[in-house]
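The next block holds one structure in the form of structure tokens; read it before the comments.
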Amino acid sequence: MQPQLEQSLSDGVATVVISNPAKRNAMTSAMWRALPALLDALAGDPDVGALVLTGAGDTFCAGADISTLREPGDDPRALAVRAEDALAAFPKPTLAAVRGHCVGGGSQLAAACDLRFAEEGALFGVTPAKLGIVYPASATRRLTALVGPATTKYLLFSGELIDSARALRTGLVDEVLPAGDLDKRVAEFTRVLVSRSLLTQAAAKEFADGRTGRDAHWAAQERGCGDTAEGIAAFLERRSPRFTWHPQP
């Protein structure tokens, strides 16, 4: 099977699967290159309310496929950073569903998601020190925002793997599920996400990520879209709201 990014859509949730089973779902240069365009298409799709990123089979992503990193014309670090930044900027909620190894570029992608749910037994690591690679500044800042300077230094200095329990304690993941329960919990939680106001989520994501200066933009979006009136009416009428706001391309 060719290494690829597979996608599907069900009940408002887009799922992107990192598929390179022969190499524990390592990302090839072609896969890094394809991810931003794929995300751009999903961001503009009004049927997509949330996105799940996961790996094929029993592992998430073992990082970059080293065998493809010397292809002519490629700047591996630039490709990974571009993909990571596109994922972080995705205007709808994103969730990494992690089982097995989440290492190197895999941890970079997971950290770029809004949320991370992991199966017990998952292993996490940031391993550039094993290869003499300088970890990108944007990825380092994003990791630090999640787990703090001390844990960031522990991971980057040592390249050691940590288990799901430690990942939960340090804030690297948000929930840890027993084996076999991850998919059910992700489906349950994403159903909640797509039932909520995407306007609220998009603005909160921007503010929480430290992107400022657009308060007036979001106030205008709130006044103009009708979601607030719909939310209040639904609450008073004891029914589920029908929110309609969607980010403009």
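Points worth noting:
- Near pairs, Cβ below 7 angstrom, 6+ apart or cross-chain, from the range 167-181 (in the same structural domain as His101 (by TED's automatic domain parsing) and surrounded by 13 or more Cβ atoms within 10 Å (Cβ to Cβ)) to any residue that is small (Gly, Ala, Ser) and in a strand (DSSP E or B): Ala167/Ala118; Val173/Ala118; Val176/Ala118
- Cβ-Cβ under 7 Å pairs, at least 6 apart or on other chains, the range 228-249 side loosely packed, with under 10 Cβ neighbours inside 10 Å, far side part of a loop (DSSP other than H, G, I, E, B): Pro249/Gly44
- Restricted to helices (runs of 4 or more DSSP H) entirely inside the range 143-249, those with at least 2 residues that are of a type in the set (Asp, Glu) are 182-195, 215-225, 227-237.
- Among residues of the range 17-36 that are touching a residue at least 12 places away in the same chain (Cβ under 8 Å), those with a beta-carbon under 7 Å from a residue that is hydroxyl-bearing (Ser, Thr, Tyr) and outside any helix (DSSP H, G or I) at least six positions away or on a different chain give the pairs Val17/Thr54; Asn20/Thr28; Arg24/Thr59; Asn25/Ser19; Asn25/Thr59.
- Some residue of the range 135-150 being assigned by TED's automatic domain parsing to the domain that holds Val98, surrounded by 13 or more Cβ atoms within 10 Å (Cβ to Cβ) and touching a strand residue (DSSP E or B) at 6+ places or on another chain (Cβ under 6 Å): no
- Look at the range 83-105: where a residue is in the same structural domain as Glu160 (by TED's automatic domain parsing) and within 14 Å of Ser19 (Cα to Cα) and a partner is assigned to a strand (DSSP E or B) and of a type in the set (Lys, Arg), sitting 6+ places away or on another chain with Cβ atoms under 8 Å, you get Val98/Arg116.
- Arg211 satisfies every condition listed in (1) touching a helix residue (DSSP H, G or I) at 6+ places or on another chain (Cβ under 7 Å); (2) outside the structural domain of Arg82 (by TED's automatic domain parsing); (3) among the charged types (D, E, K, R) except (1).
- Phe189 vs. criteria within 22 Å of the chain's Cα centre (by Cα) and touching a residue at least 12 places away in the same chain (Cβ under 8 Å): yes
- Residues (surrounded by 15 or more Cβ atoms within 10 Å (Cβ to Cβ) and in contact with a strand residue (DSSP E or B) (Cβ under 9 Å, 6 or more places away or on another chain)) located in the range 182-197: Leu182, Asp183, Arg185, Val186, Ala187, Phe189, Thr190, Leu193, Val194
- Single residue of the range 22-49 satisfying the filter (among the aliphatic types (A, V, I, L, M) and not in a helix (DSSP H, G or I)) that is surrounded by the most Cβ atoms within 10 Å (Cβ to Cβ): Met27
- Qualifying residue in the range 57-73 (condition: surrounded by fewer than 18 Cβ atoms within 10 Å (Cβ to Cβ), within 18 Å of Asp183 (Cα to Cα) and in the same structural domain as Glu120 (by TED's automatic domain parsing)): yes
- A count restricted to the range 99-127 and to residues that are surrounded by fewer than 24 Cβ atoms within 10 Å (Cβ to Cβ) and among the polar types (S, T, N, Q) stands at 1.
- Filter result for Ala203 (in the same structural domain as Leu42 (by TED's automatic domain parsing) and either in contact with a strand residue (DSSP E or B) (Cβ under 8 Å, 6 or more places away or on another chain) or modelled with pLDDT of 95 or more (or both)): no
The values are calculated or read from the model by the stated rules, or taken from the named source; none is laboratory data. On a predicted model such as this, the values are computed, not experimentally measured, just so you know. Note: ideal-geometry Cβ built from the backbone for every residue, glycine included; neighbour counts use all protein chains shown.
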